[in-house]
Amino acid sequence: MVQRVLIKAFGVFLFLMAMGGVAYAQYNIQHQAPIALERNAMNTLEFDLPGLTQSDIQQARMFYRYDGDISYQQREVNFQNGVFRTSFNIDDQNASTLEYYFEVILLSGEQVYYPSSFPAENPVVVEIVDSLEQEKPQLEGVEYTILAPEPGVGVTSDDVLIAIALFYDITTLEPGEFKLYLDNQDITGEADTSAYYISYVPRDLRSGTHHISLEYATAAEDFAVVDWQFSVVAPGQASFRGFDEGRLPQISAELSARNQVIAGDINNAYTGRTRVSGQYGLLRYSLNGYLTSQESARLQPQNRYGIDLSLGKWWNFEAGHVYPLMSQFTISGRRVHGLNTSLHLLDDRLNFQFIYGELDRSITNQYDSLIVEEVVDGSGTTVDRNYMLTYQDGGRGTFKRKIRGGKIAFGNEEKFQMGFHALKIQDDTTSIFNVRNYLDIMNSDLTLNNNLTPDARDSLQANPNLLDVRGGNINPRDNIVMGTDLKMGFMNNRIRFESEAVMSALNNNIYGGPLTIAKADELGFDIDQGVSDLLEQLSWLIIINENMDTLPLKLSEDENGDLKGEPFFPSSILAANSELSYRQPKNNARLQYRWIGPNFNSLANSTVRKDIAGFTLSDRLNLLANRVYLTLGYENLNDNVTGSRDATTKTVTYRTNASWYPVDRKLPRVSLGFRYRTRDNEIERQNYLLPDDLVNAAVQNLRQEVRTINGQDSLVTLVTSTPRTNNTTNVNASITQQFEWLSARNDVSISVSNLKTTDQVFAFGDVRSTAFSLNLTSRFFDHPLETRLGFTYNRTESGSGQNKINIAGFYAGGNYSFMDNRLSVNGRLAITGNRIQNRELLIRDFSDPNTQKDDYYELGSDVDKNKFQTYVIQAGARFDIDDYHALIFDANLTNVSGGGRANDRIVQLRYVFRF
C-alpha cells in the first residue's frame, strides 16, 4: 500500500530554506555587489526589485557584519522609484571584509532576501580596502596661490570663479601639461590656461560642496599640485560661509503625492520628508522627519522622526526613532522609538550610555467570532463541544515591547577599557486586550458571546479554559541581558584584544507573575518559602516562573520521593566572544573564539547564532603597494555545547579570496573567492528494514544493538538522531573594467557566483545555486547622457530536484540633462522571466503498512510548473526651478503576465526645497 501523504509543511520548509523566503519570483532581488568597499569613505549599495511597489513594503533592512562577527548589525534601507539604496561609511580600521544580506518584509508578511539561499549563512562578502585610488606624488618645484574661490568658503552660483596663479622655473620642469578637474571631471579644455595662470567660470553649478583638483600630467606619471573644496550656497548664506561656517542651518524639505493602482485597487499616498542640520561652535544638531499617509495602526510605525545632538566629543543625544549600538550580544542597530544618549568624560576614560524606549508598539487584537463546534459520535449524538475564538484577517496583535539599558566603561578603549552593560526588555501586559480564557471575554464589553446558547455560556463559565483561541493567543515575554567587556590595545593599537561575556534570561509568558509555592505544587514539585521570596525579589529584574526558556531550578527527589526544586545556575544561558587582532600596513591577522549557549537570547538582536563554540582564524596580506589582497581563513565550530543532545555537529570552513586593484584604470579590477564547508555529526545513516539504495531516503534512522534484559541478551531496535553529513562549495568571481568607446567612459562589471551543497546521508538534501550578472554604465563626453544596461540570471535547485527556480532579467535605462542641467529626464525598462517547478515529496511504505519504520521518501512524478514574466517601465524627470526649489516626477508601470495579477501603475510628483 502506498501512503500518498503529501508532506506540504516539509516541502514548503525545504523550499523556503533553499530560497530564503522567496515564494513568488516576481519579487526577485537584483543586486550588483561592488568589487571592493573603501574604508573611511561613503559607500553606496543598491538593490532592485522589479515589480515591487511602495505599498507592498512593510520594512527593508540590510544586515551586515565585519570579518564573520558573531551577529549582524542592521540598518533600514529607503525605497525610491523601484530601487533600495543605502549609503554608509566604514570606519572600522581593523576590518578586512564586509558581509551583508538584504531583507524586505512585505505587508503580506512574506520575506524576500538577497542572497536568496540561506542569506545569513551565505552572505555577500566584499573586501574592504583603504583606497581604490593610489595617491599621486606631489609635484616639486611649483608654488601656487589660490585666487578663487578660497578653500572652505561659500559663494553663490553666479559668483563662482576658479582661478589659480602658478610660480615655477619652466626650465626645470619635466615636459607635461597642467590639468584642472572639477568634481573629478576634466575641465582643462574649457578653462582659460596659460603657463602661469589658470581660470574657469562654471555655469549653473548646483548647490552643495564641490571639489577642485589641479594636476600635472607627464608622459610617464601624473603629479598632484593642489586640491581644495568650496560650497555653492544661497545668496543669504554666502556672507557667513567665509567667517563662521555652519551657523546658518541647512534645511531640506520634500512633499510628494502618489497615485497608484495596485492589483486594480486605487490607493493614493502622500508623504512629507524634512531635515534640518547645522553647527554652532562645538554643538552639532540635526532634526529629521518622515510622514506618510500609509501609516497604519495595524503595522509597526511607518512614520519616522528624530533629533540628534552632539557637543564636541563629550556628549551625544538621539531621540525619536533611533538605532543604538551597545554590543554584538545585546542590541546592534535595531530600531527603537525612544532615546539613546552617551557621555564621554576625562578624555574618554569614563563613558556612559543609556537607552530607553519601545522596540515594538502595541497593536490591538481584532477578534472575529466565537464558534461552537459540536463533536458527535457514530450515531450522530453530540458527545462534546469545542469552543473556538477566531481572529479577523490580519487581526493578531502585538504587545508594546519596552526596552531600557545602560553601559558604563572605565578607560580609553585604545589602551585599556573595562565596561559593564545591561539590557532589559519586557512586554507591557496592559497595552492590549488579549483573550486567554472565557473570563477575559466575560469581563470585557465585547459582544463575542452574544451568539452562545445558555448551555454553552454555563459550560464556559464553569470551565473558562475550555475556550481555545484559533491561531494561538499571544504571550507577553520578559528578557534580561547582562555582561561585561574588555578592550586593550598595544603597540599604538596595532595589537588589540577584545572580549565580551554575557548572560541572559528569557521568560516566554509572564502572565501570573513569579513562581509561587502554590503554582509549583500544581506543577508537581515543591519549593520552600525562601525560594519563593527570592523569585519575588528578583521580579523587578526578570519574572521567573514555569515559562522560563531555562528554569533556574534543579528538580530532585527528597527522602519521601517527592520532587523538590532547588535554585541552580544554568550554563546554557551564557555567551562569550574573544578576539585577538594584529594590524600593520601589509598584514591584518585575527583570531576569534566564541562560546554561545543554546538558551542565550536577546529580544533586541535575533541574529546571534546560538549553541555554537569554536574559533575562527583569518589573515589578509596586502601586496604590491596595496594593489593585491590575499585573504586566508579557517573556522572550526561545534554545536551541542552543553552536551544535552545525542549528537554534535562539527562545521569546518576554509575560505580564501584574492583581489587585484590596479591603479591604471585601463586594467581590470578582479576579485576571486572560494569557500569550502563541511558539516558532520558522525551519525551513520542506517535502516535495516530498507535496501541499500533506499537507506538515504529513509524517514527514520534505525539501528539494532544487543542489550541484556532480565538476564538475557535481546536484539533491540533504536531510533537514533538524524544524521548530518554534507559539504558546501561556494565560488565567487567579479571583474570590472573601464574603457573609452563611442566618445564615452564605459564601466562594465561581471559577477558570477556558484553554490553547491552535497548531502551524503539524505537523498533530498542537495542544493545547487548559480547567479550571474552583467552591468554596463556609459557616461558620454560630448552629451549630458548616461546609459545603463544589465542582465541577471539566477538558477536554484533544492531538495535534489524537488524545487527548481530559473529567473532571467534584463534592464536598460539612462538619463539626459537639458537647459544647462536644470532639467534632467530618466527612464528604465526591466524585463524578468520566471520559471518554477515543484514536485511533491511523498512517503511510501516499503513492505509493512502498519509501521512507519520502513517508510521512505520519494519524489512524486507530477510536476507543478509555473511560468510568468514581469515587465516594468519607469520614467522620471527633475526640474530645478532655482537654487532652492525643484520638482521631481516619477512614473512606474508594472505588468505580470501569466501571474493572474492586474497591471500596477504609480505616478508620483515631489516638491523639494533646500536652504
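The values are calculated or read from the model by the stated rules, or taken from the named source; none is laboratory data. On a predicted model such as this, the values are computed, not experimentally measured, just so you know. In this analysis, Cβ positions are derived from the backbone assuming ideal geometry, glycine residues included, and neighbour counts consider all displayed protein chains. SASA here: full protein model, heavy atoms, side chains in, ligands and nucleic acids out. Shrake-Rupley method; radii C 1.70, N 1.55, O 1.52, S 1.80 Å.
Which condition breaks for N94 when tested against (1) touching a Gly at 6+ places or on another chain (Cβ under 8 Å); (2) open to solvent by 30 Å² or more (accessible area, probe 1.4 Å); (3) modelled with pLDDT under 85?
Result: N94 passes all but (1).
Does segment 647-656 include one or more residues that are under 30 Å from L506 (Cα atoms), assigned to a strand (DSSP E or B) and open to solvent by less than 40 Å² (accessible area, probe 1.4 Å)?
yes
List the strands (runs of 3 or more DSSP E) that sit entirely inside segment 665-729 and contain at least 1 residues that are of a type in the set (S, T, Y) and at pLDDT 90 or above.
669-680
With respect to G109, is the statement that it is touching a residue at least 60 places away in the same chain (Cβ under 8 Å) and either small (G, A, S) or open to solvent by 40 Å² or more (accessible area, probe 1.4 Å) (or both) true?
The answer is no for G109.
What is the number of the single condition among (1) touching a Gly at 6+ places or on another chain (Cβ under 6 Å); (2) in a strand (DSSP E or B); (3) farther than 22 Å from V336 by Cα that N365 does not meet?
Failed condition: (2).
Please specify each residue of segment 275-287 satisfying the condition of being assigned to a strand (DSSP E or B) and open to solvent by less than 60 Å² (accessible area, probe 1.4 Å).
Listed by number, the residues that qualify are V276, S277, G278, Q279, Y285, S286.
Is it the case that L370 is open to solvent by less than 60 Å² (accessible area, probe 1.4 Å), farther than 29 Å from K424 by Cα and touching a residue at least 60 places away in the same chain (Cβ under 8 Å)?
For L370, the condition - open to solvent by less than 60 Å² (accessible area, probe 1.4 Å), farther than 29 Å from K424 by Cα and touching a residue at least 60 places away in the same chain (Cβ under 8 Å) - is met.
Within segment 353-367, can you find the residues that are loosely packed, with under 15 Cβ neighbours inside 10 Å and not β-branched (V, I, T)?
Correct list: Q366 only.
Can you name the residue in segment 48-73 that is open to solvent by less than 10 Å² (accessible area, probe 1.4 Å) and in contact with a Lys or Arg (Cβ under 8 Å, 6 or more places away or on another chain) and, of all such residues, is nearest to R620 (Cα to Cα)?
The selected residue is I70.
For segment 666-702, enumerate the residues that are aliphatic (A, V, I, L, M) and open to solvent by 30 Å² or more (accessible area, probe 1.4 Å).
Passing the criteria: L667, V670, L672, I683, L689, L694, V699.
Identify, please: which residue in segment 859-885 is more than 25 Å from V896 (Cβ to Cβ) and within 36 Å of the chain's Cα centre (by Cα) and is, among those, surrounded by the most Cβ atoms within 10 Å (Cβ to Cβ)?
It comes out as D880.
So is G394 closer than 26 Å to N463 by Cβ and open to solvent by less than 60 Å² (accessible area, probe 1.4 Å) or not?
no
Results for (1) under 41 Å from the mean Cα position of the chain (by Cα); (2) among the aromatic types (F, W, Y); (3) open to solvent by 70 Å² or more (accessible area, probe 1.4 Å), shown as yes or no for each residue.
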| position | (1), (2), (3) |
| --- | --- |
| P464 | no, no, no |
| I474 | yes, no, no |
| E500 | yes, no, no |
| S504 | yes, no, no |
| Y511 | yes, yes, no |
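Within the group D759, D782, which residue is open to solvent by 60 Å² or more (accessible area, probe 1.4 Å) and acidic (D, E)?
D782
Any residue in segment 424-442 that is more than 30 Å from M326 (Cβ to Cβ), more than 43 Å from the chain's Cα centre (by Cα) and either open to solvent by 60 Å² or more (accessible area, probe 1.4 Å) or of a type outside the set (A, V, I, L, M, F, W, C) (or both)?
Looking for residues that are more than 30 Å from M326 (Cβ to Cβ), more than 43 Å from the chain's Cα centre (by Cα) and either open to solvent by 60 Å² or more (accessible area, probe 1.4 Å) or of a type outside the set (A, V, I, L, M, F, W, C) (or both), one finds at least one in segment 424-442, hence yes.
Checking the conditions here, which among R839, R828, R905 is of a type in the set (D, E, K, R) and out of contact with any Leu (no Cβ under 7 Å at 6 or more places or on another chain)?
Answer to the check: R828.
Considering only residues that are under 31 Å from the mean Cα position of the chain (by Cα) and of a type outside the set (S, T, N, Q), which ones fall in segment 763-785?
F764, G765, D766, V767, R768, A771, F772, L774, L776
Out of (1) within 40 Å of the chain's Cα centre (by Cα); (2) crowded, with 16+ Cβ neighbours inside 10 Å; (3) modelled with pLDDT of 80 or more, the odd one out for P151 is which?
It is condition (2) that P151 fails.
Within segment 525-565, work out how many residues are at pLDDT 75 or above and outside any helix (DSSP H, G or I).
Matching residues across segment 525-565 total 16.
Only one of F399, F416, F433 is closer than 29 Å to W540 by Cα, in contact with a Leu (Cβ under 9 Å, 6 or more places away or on another chain) and of a type in the set (A, V, I, L, M, F, W, C). Can you tell me which?
The unique qualifying residue is F433.
Please tell me if D377 is open to solvent by less than 70 Å² (accessible area, probe 1.4 Å) and touching a Pro at 6+ places or on another chain (Cβ under 8 Å).
Judged against the criteria, D377 is not a match.
Report, by residue number, each residue of segment 834-857 that is crowded, with 17+ Cβ neighbours inside 10 Å and either without any contact (Cβ under 8 Å) to a residue 12 or more places away in the chain or not in a loop (DSSP other than H, G, I, E, B) (or both).
Passing the criteria: N834, I836, N838, R839, E840, L841, L842, I843, R844, D855, Y856, Y857.
So which residues in segment 595-610 are within 18 Å of Y66 (Cα to Cα) and open to solvent by 20 Å² or more (accessible area, probe 1.4 Å)?
Once the filter is applied, which keeps residues that are within 18 Å of Y66 (Cα to Cα) and open to solvent by 20 Å² or more (accessible area, probe 1.4 Å), segment 595-610 yields S606, T607, R609.
Please identify the pairs in which a residue from segment 637-661 that is more than 21 Å from R609 (Cβ to Cβ) has its Cβ atom under 6 Å from the Cβ atom of a residue that is among the aliphatic types (A, V, I, L, M) and surrounded by 16 or more Cβ atoms within 10 Å (Cβ to Cβ), counting only partners at least 6 apart or on another chain.
Partner pairs satisfying both residue conditions: W660/V670; Y661/L132.
Each row is one residue, and each column tells you yes or no for (1) on the phi > 0 side of the Ramachandran plot; (2) of a type in the set (A, V, I, L, M, F, W, C); (3) assigned to a strand (DSSP E or B).
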residue	(1), (2), (3)
G419	no, no, yes
K424	no, no, yes
I432	no, yes, no
D440	no, no, no
N449	no, no, no
D455	no, no, no
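Step by step: first the residues of segment 177-208, then only those that are over 20 Å from V153 (Cβ atoms) and in contact with an Asp or Glu (Cβ under 8 Å, 6 or more places away or on another chain), then the one that is modelled with the lowest pLDDT. Which residue is that?
So, considering only residues that are over 20 Å from V153 (Cβ atoms) and in contact with an Asp or Glu (Cβ under 8 Å, 6 or more places away or on another chain), the one modelled with the lowest pLDDT is T188.
With respect to Q59, is the statement that it is over 19 Å from R334 (Cα atoms) and not β-branched (V, I, T) true?
When the stated conditions are applied, Q59 does not pass them.
Looking at F329, F352, F317, which one is in a loop (DSSP other than H, G, I, E, B), touching a strand residue (DSSP E or B) at 6+ places or on another chain (Cβ under 6 Å) and within 30 Å of I425 (Cα to Cα)?
F329
For segment 143-152, state whether one or more residues are farther than 18 Å from W228 by Cα and not in a strand (DSSP E or B).
No.
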